[in-house]
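Please treat every number below as a calculation from the coordinates, not as lab data. Since the model is a prediction, treat every value here as computed from it, not as a measurement. All Cβ positions, even for glycine, are placed from backbone atoms using ideal geometry, and neighbour counts span all protein chains on display.
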Amino acid sequence: MASILFTNAHIATGERGTSASTAMLQDILVEDGTIAAIGKNLPDRLAADGYAIDRVGVIDLGGKLVCPPFCDTHLHLDYVFTSRIPGAENTTGTLFEGIQRWSETKATQTVEDVKARAKTAIEKELLHGVQFIRSHADVTDPNLTSLRALLELKEEMHDLVTIQIVSFPQEGMYSYVGPHGETGADLVEEGLRMGADCVGGIPHFEQCREFGARSIHTIVDLASRYDRLIDVHCDETDDPTSRYVELLAALASQAGIGPMTTASHTCSLGSADNAYFFHLKKLLKNAQLNFACAPTENLYLQGRQDTYPKRRGITRVKELTEEGINVSLGQDSMQDPWYPLGNGNMMLILDYLLHVAQMMSFTEIDDALQFLTINGATTLGMRDSYDLKQGNPANFIVLDASSVFEAVYERCPVIRSVRNGRTLFTRNETICKHYADQVIACPHDAPGIL
Ligand code: 17E
Ligand code: FE2
C-alpha cells in the first residue's frame, strides 16, 4: 500500500489531562497500514532525514480533531431490528418483559437473518466512527444461531471492524434448561469452545439468589479454564439488594483476572445506599474491574416499578470515574424488544451519560471522549495496540470539531474513519486535499469503501 501522510491533525485523546487548549497540530505518516511516524512538523523532519516526502500522498485534516476509533463495548448484535417482529413488542418497557418477548420469538431467526441485521447495525456504527464492538450473543438456544452468525460475521468484517463476542446466557445459566437437559452454563461453555471471546452471565435474572451466585462462580471458573475475558450483565435492576458485582469483583480479583473482567449495567448501584458503596468501591478499585454503562437503555428500562420520585437506574459513573475505576459506554440495543431506538451514534450515548451522571465540569468535558476511546479499549483489553503512536495500526477517526469541548458541545459528526491506513469513509471532501501532480496514489481515500 502507498504511504500516506495525514497532516494537521488535532490529536484529541492521549493520556488523561490532554485538553484542547494545549494540544498542537500533528502529522501522521502511515506505511503499510501502520503508523510509521507521528508528531509535529513531520514533513520537515522526515525531509531532513532524507525521506522522499514529496512522493507521498497527503491528506490535510485541516486542524480537525483526531482520536482513535470509538469503542462500543456493549451491544447485542443478534437482537438488532427485531422489535417489530410479531410478538416481540414490549408493552411494559421493562427489562424482564424484553427477555420474555425475545425468548418467545428467537426461535424464528436464522443464521442468514442474524447476519443481515447485524451487518446493517455494524454499518451504522462504523459511520459514527466505531471500529471496536463487544457484542453479546444469546446462547440460551439449542441451535446457537446467534453465536454461529456472529462468529461468521466477525471474520467476514474484520477489515472494517474488530468484534469481540460474549457467550451470553440471556435466560440464565441455571434457570434455563434446554430440550436435551442442557443448562445455560453448558451452552455458555459450548460457546467458548466454538470461539467466543468472553464469558457472559446474568445473575440478577436467575430464579433465586443461589443460582445467581453459582453463576458467578461458574463464570470466573470458565474464564480461567478457557483463558477468556468476562463480561457479565450484572445487577441490571433497581433492586438495591442485587449485589452480584461484589462477588464478581472478589472472585475475579482472587483469580487474578480483575482487569479482564467487565460488569455491565450495574444499575442497582444507582439505588444502593452510600454506606454500601463506600465499602464496595475499595474492592472494585483493587480488583481493577471494568464497567460498561448503557445510559440510553437503562434510562428507558429502569425505574419502571417507581412512581415518583422515579430513579434514574444508571450506575455510579461519576463516582467510579473519580475513584479511577474504568467505565466505558455501550449502545446496547438497536430497535429490539428492550429499546425501540438506538442508531450507533456514540456521541449521543456520551451526551446522555454526561447529563444523567452530572459530569460537566470543564475537566470532565475535556476528558469526556475517553469514555468512547481509551476507556473502551481498556475494557476490551486492547489498549496496547490502540493508541495513536508509532508502530500501532493506523486506526483513527476525524471529528468535525477543533476541540474536544466543541465536539461535545456540538455533538459533532465523525467525518472520516481510517482503519489500517485505509479511509473507510469521508464525509467532507473539502478537507481531503491531494497535492495533485506529486501524489503517487492514494487509492483508499475518498469516497472511501463503505
Ligand atoms: N438483554 C439484557 O439482559 N439487558 C439488556 N439491556 C438488553 C438485552 C438490551
Ligand atoms: Fe445488554
Using the Karplus curve 6.51 cos²θ - 1.76 cosθ + 1.60 with θ = phi - 60°, work out ³J(HN,Hα) for each residue of region 112-127 in order, rounded to whole Hz, and write x for Gly and Pro. 5, 5, 4, 4, 5, 5, 5, 5, 4, 5, 5, 4, 4, 5, 4, 5
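Going by average Cβ density within 10 Å per residue, which order do the peptides 75-88, 225-238 take, highest to lowest? Show your work: numbers first, answer last.
Working: 75-88: 21.2, 225-238: 23.4.
Going by the mean number of other Cβ atoms within 10 Å, highest first, we get 225-238, 75-88.
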Compute the separation of the alpha-carbon centres of region 168-226 and region 85-135 and state it in Å as a whole number. 20 Å
Let's test this: bin the Cα-Cα distances of region 209-258 at 5 Å from zero up to the farthest pair and state each bin's percent. 5, 21, 33, 23, 12, 5, 1
Multiply the residue separation of residue 32 and residue 45 by 0.36 nm, subtract the distance between their alpha-carbon atoms, and state the gained length in nm to one decimal. 2.7 nm
How much length is gained on full extension from residue 208 to residue 91, taking 0.36 nm per residue of separation minus their Cα-Cα distance? 39.6 nm
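Tell me, what is the FRET efficiency for residue 225 and residue 360 to the nearest 0.05, using R0 = 41 angstrom and their Cβ-Cβ distance as r?
Values: r = 44 Å, r/R0 = 1.07.
Calculated value: 0.40.
Taking the Cβ-Cβ separation of residue 274 and residue 307 as r and a Förster radius of 30 Å, what is the calculated FRET efficiency to the nearest 0.05? Display every interim value, and only then the final one.
Working: r = 24 Å, r/R0 = 0.78.
Taking R0 as 30 Å, the efficiency between residue 274 and residue 307 is 0.80.
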So what is log10(I(q)/I(0)) for the chain at q = 0.08 1/Å, when the Debye sum runs over its Cα atoms only? -0.45
I need the peptides 303-313, 177-187 ranked by packing, meaning the mean over residues of other C-beta atoms within 10 angstrom, with the highest value on top. 177-187, 303-313
Rounded to the nearest 20 debye, what is the charge dipole size of the chain about its Cα centre when +1 sits on each Lys and Arg Cβ and -1 on each Asp and Glu Cβ? 460 debye
What shape does region 333-397 take by its C-alpha gyration tensor, where a ≥ b ≥ c are the square roots of the eigenvalues and a/c under 1.5 counts as rounded, a/b above b/c as prolate, and the rest as oblate? oblate
Taking a ≥ b ≥ c as the square roots of the Cα gyration tensor eigenvalues, with a/c under 1.5 meaning rounded and otherwise prolate when a/b beats b/c or oblate if not, region 227-350 comes out oblate
How big is the gap, in Å, between the Cα center of region 263-306 and the Cα center of region 33-71? 42 Å
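With both partners inside the chain, how many of the DSSP beta bridges are antiparallel, as a percent to the nearest 5?
Values: 25 of 59 bridges.
So the antiparallel bridges amount to about 40 percent of the total.
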Tilt, helix 244-254 to longest principal axis of the chain (alpha-carbon atoms), in degrees rounded to tens, equals 70 degrees
For the chain, take the longest principal axis of its alpha carbons; what is the angle in degrees between that and the long axis of helix 346-356, to the nearest 10 within 0 to 90? 60 degrees
For region 1-138, build the charge dipole from Cβ charges (+1 Lys, Arg; -1 Asp, Glu) around the Cα centre, then report which of 65, 76, 91 sits farthest towards its positive end. 91
Between helix 184-194 and the chain: long-axis angle, C-alpha atoms, 0 to 90°, nearest 10: 30 degrees
